[in-house]
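Some notes on the structure that comes next.
The values are calculated or read from the model by the stated rules, or taken from the named source; none is laboratory data. All values derive from a computational prediction rather than experimental measurement. Cβ sites come from the backbone with ideal geometry, for glycine too, and all protein chains shown count toward neighbours. Note: areas computed on protein heavy atoms with side chains; ligands, DNA, RNA excluded. Shrake-Rupley method; radii C 1.70, N 1.55, O 1.52, S 1.80 Å.
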Amino acid sequence: MSGRPSLGTPDGPVEDVVRSGALLVRAAAGLSDAGLRAASGLPGWTRGHVLAHVVHSVDAYVWLLRLARTGRAPGPRADATALSAAVERDAALAAQALVTRLRASLDRFAAQARTMPAPAWDRLVPALAGWRHPAWYLLLRCLRELETHHLDLGVGHGTAQWPDRYVRWALDDTLTTLRAQGFPLTSVEAVDLGRCWPVSADGPSVAGAGHQVLGWLSGRIPADALTADRPARLLPRPPAWPRPPLPGWGRVDDGA
């Protein structure tokens, strides 16, 4: 699992989130109402669903940043059922209204992150799924949210447009988890990044550009894009992504 990143610098993860968010807002602003109702890359979801999901995910991250800042819950927290209902409701908004919501959510996130007291970044906060992580990990979660779902919109932002720094972090994070879970790959190589990750003692080895490897591990592109020592149809199927980080920082219910 990757360690604490450098925060608050112009080339740090806060500004990475701001840049990725601006690109997503620009793409969303180019969609008409009809374009928003078109199918996305996620089964059963329109582009409106994807953008509404991002809005409510970023709002959840803002809630957690405020919790880290003060040590107190900033009001009630929406549960998974309420979030699902909110996404269904807001997916039907007009394009301009949904883009306005997206921009406002991202602005709130940036404002909270840019003014976060340094000690608060290390305070543990609870993900909705029940696992804990330091507040700084919200920057990486938000970046993953933006880059992955920008691809899911199907408007030309593919894995090749994912920033190298995001790809490096997400591969480190994902492959650390898969290694701990015994996922049957011997090794994974990102040839353009000069990185190779040992994963397990058995299984195939795969290689490709880092963004292609991450695209496969995240279920966004087929294994055909990779080089492997056995046919693509024989490669193990990556588990649901993203996975909670391992070794992790404990769960809400384990007293960690």
Is it the case that some residue within segment 42-60 is acidic (Asp, Glu), open to solvent by 30 Å² or more (accessible area, probe 1.4 Å) and farther than 23 Å from Ala170 by Cβ? no
Considering only residues that are farther than 29 Å from Arg26 by Cβ and more than 19 Å from the chain's Cα centre (by Cα), look in segment 80-108 and name the one that is most open to solvent (accessible area, probe 1.4 Å). Thr81
Scanning segment 90-111 residue by residue, the ones that are assigned to a loop (DSSP other than H, G, I, E, B) and closer than 20 Å to Asp79 by Cα total 1
Val167 being open to solvent by 20 Å² or more (accessible area, probe 1.4 Å) and of a type in the set (Val, Ile, Thr): no
Condition check: surrounded by fewer than 16 Cβ atoms within 10 Å (Cβ to Cβ) and in contact with a strand residue (DSSP E or B) (Cβ under 6 Å, 6 or more places away or on another chain). Does Arg26 satisfy that? no
Return the residues of segment 131-164 that are outside any helix (DSSP H, G or I) and open to solvent by 40 Å² or more (accessible area, probe 1.4 Å); say none if nothing qualifies. Arg132, Gly154, Val155, Gly156, Pro163
Go through segment 51-97 and report how many residues are closer than 16 Å to Leu138 by Cβ and among the basic types (Lys, Arg). 3
Out of all the residues in segment 112-129, which are open to solvent by 10 Å² or more (accessible area, probe 1.4 Å) and in a loop (DSSP other than H, G, I, E, B)? Thr115, Met116, Pro117, Arg123, Leu128, Ala129
Condition first: surrounded by fewer than 21 Cβ atoms within 10 Å (Cβ to Cβ), within 27 Å of Arg19 (Cβ to Cβ) and aromatic (Phe, Trp, Tyr). Can you find one or more residues in segment 208-230 that meet it? no
Search segment 46-70 for residues being within 16 Å of Leu146 (Cβ to Cβ) and β-branched (Val, Ile, Thr), and hand back the single one that is farthest from the chain's Cα centre (by Cα). Val62
Restricting the first residue to segment 61-76 and requiring it to be part of a loop (DSSP other than H, G, I, E, B), which pairs with a second residue that is open to solvent by 60 Å² or more (accessible area, probe 1.4 Å) meet a Cβ separation below 9 Å and a spacing of at least six or different chains? Gly71/Arg123; Arg72/Arg66; Ala73/Arg66; Pro74/Arg66; Gly75/Arg66
